[in-house]
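The values are calculated or read from the model by the stated rules, or taken from the named source; none is laboratory data. In this text, all values refer to a predicted model and were calculated from it rather than measured experimentally. Positions of Cβ are backbone-derived with ideal geometry, glycine not excepted, and every protein chain shown enters the neighbour counts. What goes into the accessible areas is simple: the full protein's heavy atoms, side chains included, and nothing from ligands, DNA or RNA. Shrake-Rupley method; radii C 1.70, N 1.55, O 1.52, S 1.80 Å.
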Amino acid sequence: MSIQQIKKSLPLYHKSFPLVLLWSAKCGCTSLMKWFFYQIELLEEANKYPTIHAFRTAYQNQQVDELVINLKQKPVVKLIRDP
């Protein structure tokens, strides 16, 4: 797995948010990301980017070290699609 693939699959994390969020493809990840960024008061900033996915990539690149340190301290929730 390449570094780019790893970065694309990083969960959403913020120190003040009580959960770590994961998702599978095609399950509503755009809505999940918008909700997450709204909760941590970054949705307005995220809406300035061409897509929410572009903002997520930039956001996650800043959060990698903190995520690794705190991953086991919060519950992890994964959004999946069950057809």
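Tabulated data
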{"read-out": "Leu42-Lys15 pseudo-label distance in nm [points 7 Å out on the Cα-to-Cβ vector]", "value": "1.3"}
{"read-out": "Top of Ile69, Ile52, Ile40 by mean-square fluctuation, Gaussian network on the chain, Cα under 10 Å", "value": "Ile69"}
{"read-out": "Per DSSP, loop GluC sites (Glu not before Pro) in segment 2-83 with at most 12 further Cβ within 10 Å", "value": "Glu41"}
{"read-out": "Residue-averaged 222 nm ellipticity for the chain, from DSSP H runs of 4+ at -39500 (n - 2.57), nearest 500", "value": "-14000 deg cm²/dmol"}
{"read-out": "Computed accessible area, Val77, all protein chains, 1.4 angstrom probe, square angstrom", "value": "60"}
{"read-out": "Top of Ala46, Ala58, Ala25 by mean-square fluctuation, Gaussian network on the chain, Cα under 10 Å", "value": "Ala25"}
{"read-out": "Residue order for His53, His14 - accessible surface, 1.4 angstrom probe, largest first", "value": "His53, His14"}
